[in-house]
Amino acid sequence: MNAYSSARRGYSISAATTQTDRRAEYDIIARLTHRLRATAVNERTSYAEYAKALHDNRLLWNTLAVDVADAEN
């Protein structure tokens, strides 16, 4: 490591930024939708990955349904 890279890392903005709840939900839904589309194309050759994506999708929507049903939401 040289002085330039050390200084650059020291003064750069941290990669771990704070997200709003809405942004975090969007990111999760976007990532899962991407996985579903990518694995659905090859569902015959990578059925295990497709089944995992479908399972994760169901978990996501169950979690969202519980959040919506909460009286404090």
Problem - Simple spin-label estimate for Ala40 and Ala69 in nanometres, 7 Å along Cα-Cβ - result: 2.6
Handout entry: Extension gain from Arg31 to Asp56, taking 0.36 nm per residue of separation minus the Cα-Cα distance
Key = 7.9 nm
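Each reported figure results from applying straightforward, stated rules to the coordinates on display, with no laboratory input. Every value quoted in this text rests on a predicted model; they were computed, and no experiment measured them. In this analysis, Cβ positions are derived from the backbone assuming ideal geometry, glycine residues included, and neighbour counts consider all displayed protein chains.
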